[in-house]
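K.L.:
Have a look at this one before I ask anything.
Read the figures in this text as sums done on the coordinates, not as results from a lab. Given the structure is predicted, the values throughout are model-derived calculations rather than measurements. Neighbour counts are summed over all protein chains in view; Cβ atoms, including those assigned to glycine, are modelled from backbone coordinates with ideal geometry.
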Ligand code: HEM
């Protein structure tokens, strides 16, 4: 197995990744095949492109890997020791306590929130239309707001009074910081008087206070019918644990769903026949469970543009064989759903938007298409998110006809995969 020859302890590799991350992965796969050893500073790292290797890392030997500690140290600053961050037994305990919040019997209450938020936004946006019935908007920004609105209401119910714009601004800062600090070889200490540091400290303090106040109000006040209530019950009132998990669900849950909606709408606007099919389907029923074509559109958008385009780096906790590769303790492994989801060995016309491929039994290996990851650490919000984006998309497609204002957006691989330079669109009232 060969990879690029490292220069300057892999600094050249880091520079190439910075310049064009997705292009770098494609180039590595094309030149070196399914297994690419790399040097990243002091670490030996492996890019894994084959579903059989990915199955080992995420499922059959998942207990031999942790998430790369350096990245977790960055995220721990505001997510605390939450489900998102914890490892080993502590992670098991967290997962057991968070999963009941996503139980099937809880879904109808969340679905009612999705529907309510969707109708609210249709009304708001319709009021902004011009004389021709057109609404000129940055759909990426609108979807970020809708997803945040949903995250806040499903987590904290009606108890939320702060300005959503303020919350959104502070979360954007944290997302920017997460990307910057995770991607750079060293993090400068927060006490240095650098411009980004004050912004980061303000954002962290604002979010911590916000979540703590909401948690304390709920512990002292009446019960609710939301995610927070489940966390309070399963964490048996441990305030720190409740705050950490509430914060991480808030952050994990909304940026990804917003990005998914952006890609769904960009792709539909770019494919008029698929858009028409969706619009006919949503006109025929109010039940997203019956919208098989829309569901295929959602799956296909997630295959082509998975918001979690690369999983967190994994680190081996002991020497381990990964489908024939001898990985040593401490080495890093990278799984890239964006790449495996576009592998021509498993998907016909892999770069084409063809929702129909999801209308029949999958012809690809399970681990080739993993927008929600897989195995014991898979996304806890998987079903929640699918319902969320389907209900929002159905309601908006019923009300508006979306069209791109410019050309199809390029993907921008930051903390999640979003359209570069936003998503300018015109939505015509129907
Ligand atoms: C389209 C929307 C979403 C996508 C594409 C997505 C994707 C992912 C992915 C890829 C991971 C694994 C990351 C890794 O291991 O490197 C993950 C983990 C996670 N997601 Fe999601 N997610 C979405 C929505 C949500 C929502 C709505 C919630 C909660 C309300 C959520 C909560 C979580 C949590 C708590 C984890 C960590 C699980 C653990 O470590 O045990 N996600 N998600």
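K.L.:
Report the residue, chosen from 300, 388, 127, that carries the largest GNM mean-square fluctuation when the chain is represented by alpha-carbon nodes joined by springs under 10 Å.
P.N.:
With Cα springs under 10 Å in the chain, the top fluctuation among 300, 388, 127 is at 127.
K.L.:
Please compute one quarter of the surface area of the Cα convex hull for the stretch 42-429 and express it in square nanometres.
P.N.:
20.0
K.L.:
Report the relative contact order of the chain, percent, no decimals, based on alpha-carbon pairs under 8 angstrom and at least 6 residues apart.
P.N.:
25
K.L.:
Among 200, 16, which comes first, then next, by fewest other beta-carbon atoms within 10 Å? Can you show the working numbers first?
P.N.:
Working: 200 22, 16 16.
Placing the least packed residue first, the sequence is 16, 200.
K.L.:
Where both partners of a DSSP beta bridge lie in the chain, what percent of those bridges are antiparallel, to the nearest 5? Mind dumping the intermediate values first?
P.N.:
Numbers: 27 of 31 bridges.
That works out to approximately 85 percent antiparallel.
K.L.:
Hey, what number do you get for the chain at 222 nm if only DSSP H runs of n ≥ 4 count, each worth -39500 (n - 2.57), divided across all residues, to the nearest 500?
P.N.:
That comes out to -16500 deg cm²/dmol.
K.L.:
What is the order of 204, 291, fewest Cβ neighbours within 10 Å to most?
P.N.:
Ascending number of Cβ neighbours within 10 Å: 204, 291.
K.L.:
Once you've got the GNM for the chain with C-alpha springs shorter than 10 Å, pick whichever of 163, 82, 90 has the biggest mean-square fluctuation.
P.N.:
Largest GNM mean-square fluctuation: 163.
K.L.:
Sticking with this one: Please work out how much length the chain gains when fully extended from residue 136 to residue 69, using 0.36 nm per residue of separation minus the C-alpha to C-alpha distance, in nm with one decimal.
P.N.:
Extra length available between residue 136 and residue 69 comes to 19.8 nm.
K.L.:
Say R0 is 25 Å: what FRET efficiency, to the nearest 0.05, do residue 428 and residue 116 get from their beta-carbon distance?
P.N.:
Plugging the Cβ-Cβ distance into 1/(1 + (r/R0)^6) gives 0.55.
K.L.:
So what's the gap between the Cα centers of the stretch 343-361 and the stretch 364-398, to the nearest angstrom?
P.N.:
Distance between centres, Cα-based: 17 Å.
K.L.:
Ranked by Cβ crowding within 10 angstrom, fewest neighbours first, how are 302, 214 ordered?
P.N.:
214, 302
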